[in-house]
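Student: Here's a structure for you.
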2 protein chains.
Amino acid sequence: MLIGMQDEDNAVAPSGAVNAGMLGGMLSVALRRAQAAVNDDLVARFTATGVRPGHFGILEVLKHNPGLRQGHLSDALGVKRTNLVPLLDMLEARGLIERQAVAGDRRVTALFLTDGGAALLAQLQTMARAHEALLAARLGPDGRAQLLDLLARLTTPMAGG
Amino acid sequence: MLIGMQDEDNAVAPSGAVNAGMLGGMLSVALRRAQAAVNDDLVARFTATGVRPGHFGILEVLKHNPGLRQGHLSDALGVKRTNLVPLLDMLEARGLIERQAVAGDRRVTALFLTDGGAALLAQLQTMARAHEALLAARLGPDGRAQLLDLLARLTTPMAGG
DNA sequence: TATTGTTATACTCTATAACTATA
DNA sequence: TATAGTTATAGAGTATAACAATA
């Protein structure tokens, strides 16, 4: 049993269920649980490929931006460049991407999908689309667009208060 | 710069920005980013107390369910009982909760908030309410309720497909 | 035998500091 | 000096297996 109650004040332990206090009404809690459930579904669909959602994101971005620098890929995905390295190492070791030196600036590495990478990506896209279709079925026709809009409003950093 | 484009097909690297392909339309991506931003805000508000959102959740549930067993707390929070132990150890070491033996079944530990724990919880609740108020301001009057409803539809496990 | 809390362990994601080679 | 990629490391969250005490 997970959190499901939204009452704010109830100082005594209830009969069968547990009173979660204000947690049931907190977006932080609801977001964490929904994100975990959604991510678990996507991970399960990807398992046979030996690839995680993070790897899929890399392949997807590289398909649309061949020759992208690692730094720009890092910015686009919101993954620190230092954490991108082992992900790229794995994809390169499996022959799904290539790192190529750049003529003008020898510090830079340009990233490309291999044919094998493009082939695997096509499979992953099909899985991801089925995944999204399941979510859309749960949310209803307008629910998915509404949810994307609401989530976007929360995504920018919240410095000022 | 983070992902922000929703176009599906564009095979060439764009001028300034990066084409994120289908990632921009994926709920999995939007959820991860929103959850991270929201969680970062809550963590920042809690920092001065030396407590994390997970600790707050424990204190909040114990306030409403004094004497709760560890196993039931684990179920209520969705945290494995094995991962609850170090969190409870920290809270007990700081004198915020107490573990008490139970008469009928000596395997069981009952958990209680101390006075200090209740005092800290009151502060954390105020911080959490301010946090939620900021989110509500971003989402609009109905947005928050809509979001909670949409997230709840995604939270149940998605076994069947 | 089964259950409760615990320990040990491992994997993923994330974050910072420091190194290299280039510029 | 500064930048791009890398290495090493550490923290937090989550997962399983196995143990001791108790039922």
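Student: Suppose a student asked you for the relative contact order of segment A:90-143, using Cα pairs under 8 Å spaced at least 6 residues apart; what percent would you report?
Tutor: 25 percent
Student: Along segment B:90-95, what does the Karplus equation 6.51 cos²θ - 1.76 cosθ + 1.60 (θ = phi - 60°) give for ³J(HN,Hα), rounded to whole Hz, x for Gly and Pro?
Tutor: Using θ = phi - 60°, the values come out as 5, 5, 6, 4, 8, x Hz.
Student: List the distances, in nm and shortest first, from the label point of B:LYS80 to the matching label points in every other copy, placing each point 7 Å from Cα along the Cα-to-Cβ direction.
Tutor: When each copy's label point is compared with this one, the spacings are 2.5 nm.
Student: How would you rank B:VAL61, B:VAL79, B:VAL38, going from fewest to most other Cβ atoms within 10 Å of each one's own Cβ? Don't skip to the answer; put the middle values down first.
Tutor: Numbers: B:VAL61 22, B:VAL79 15, B:VAL38 27.
Least crowded to most crowded, the residues run B:VAL79, B:VAL61, B:VAL38.
Student: Another one. What's the minimum Cβ distance from chain A to the axis relating it to B, in whole Å, and which residue gives it?
Tutor: Residue of A nearest the axis onto B, distance in Å: A:GLN35, 2.
Student: Just need the relative contact order of chain B here, percent rounded to a whole number, with Cα pairs under 8 Å and 6+ apart.
Tutor: 16 percent
Student: For A:48-59, what's the mean count of beta carbons from other chains sitting within 10 Å of each residue's beta carbon?
Tutor: So the per-residue partner count for this stretch is 2.
Student: From other protein chains only, count the Cβ atoms within 10 Å of every residue's Cβ in B:41-47, then give the mean. Spell out each step's value before the answer.
Tutor: Numbers: counts 6, 5, 1, 2, 2, 0, 0.
The shielding value for this peptide is 2.
Student: Highest GNM mean-square fluctuation, chain B, Cα pairs closer than 10 Å: which of B:ASP149, B:ASP75, B:ASP40?
Tutor: In this elastic network of chain B, the residue with the biggest mean-square fluctuation among B:ASP149, B:ASP75, B:ASP40 is B:ASP149.
Student: For B:LYS80, which lysines qualify as cross-link partners when the Cα separation must be under 23 Å and same-chain residues fewer than eight apart are set aside?
Tutor: Result set, ordered by chain and number: B:LYS63.
Student: Ok, one more. For segment B:122-161 and segment B:50-86, what is the separation of their Cα centres, given in Å?
Tutor: 20 Å
Student: Something else about it: Mind listing the label-point distances from A:GLY116 to the same position on all other copies, shortest first, one decimal in nm, points 7 Å along Cα→Cβ?
Tutor: Reported distances to equivalent positions: 5.8 nm.
Student: From other protein chains only, count the Cβ atoms within 10 Å of every residue's Cβ in A:120-129, then give the mean.
Tutor: Numbers: counts 0, 1, 0, 0, 0, 3, 0, 0, 5, 2.
Mean partner shielding for this stretch: 1.
Student: What nm distances, shortest first, do you get from the label point of A:GLU98 to those in the other copies when the point sits 7 angstrom along Cα to Cβ?
Tutor: 7.0
Student: So which residue, out of B:ASN65, B:ASN19, B:ASN83, gets the largest mean-square fluctuation from a GNM of chain B using Cα contacts under 10 Å as springs?
Tutor: Evaluated over chain B, the most mobile residue of the options is B:ASN19.
Student: Right, something else. Mind pulling the angle between the C-alpha long axis of helix B:27-46 and the longest principal axis of chain B? Nearest 10 degrees, somewhere in 0 to 90.
Tutor: For B:27-46 against chain B, the angle is about 50 degrees.
Student: Helix A:53-64 versus the longest principal axis of chain A: what angle, 0 to 90°, nearest 10, using Cα atoms?
Tutor: Helix A:53-64 sits at roughly 50 degrees to that axis.
Student: For chain A, set up a GNM with springs between Cα atoms under 10 Å and report which of A:ASP41, A:ASP142, A:ASP115 has the largest fluctuation.
Tutor: With Cα springs under 10 Å in chain A, the top fluctuation among A:ASP41, A:ASP142, A:ASP115 is at A:ASP142.
Student: Counting each DSSP H run of 4 or more residues in the protein assembly as shown as -39500 (n - 2.57), what helix-only mean residue ellipticity at 222 nm follows after dividing by all residues, to the nearest 500 deg cm²/dmol?
Tutor: Working: 12 runs with 182 residues, N = 322.
The helix contribution divided over the protein assembly as shown gives -18500 deg cm²/dmol.
Read-outs throughout are calculated quantities, based only on the coordinates presented, and are distinct from any laboratory measurement. The structure displayed is predicted, hence computed values, not measured ones. Note that each Cβ is placed from the backbone with ideal geometry, even for glycine, and that neighbours are counted across all protein chains shown.
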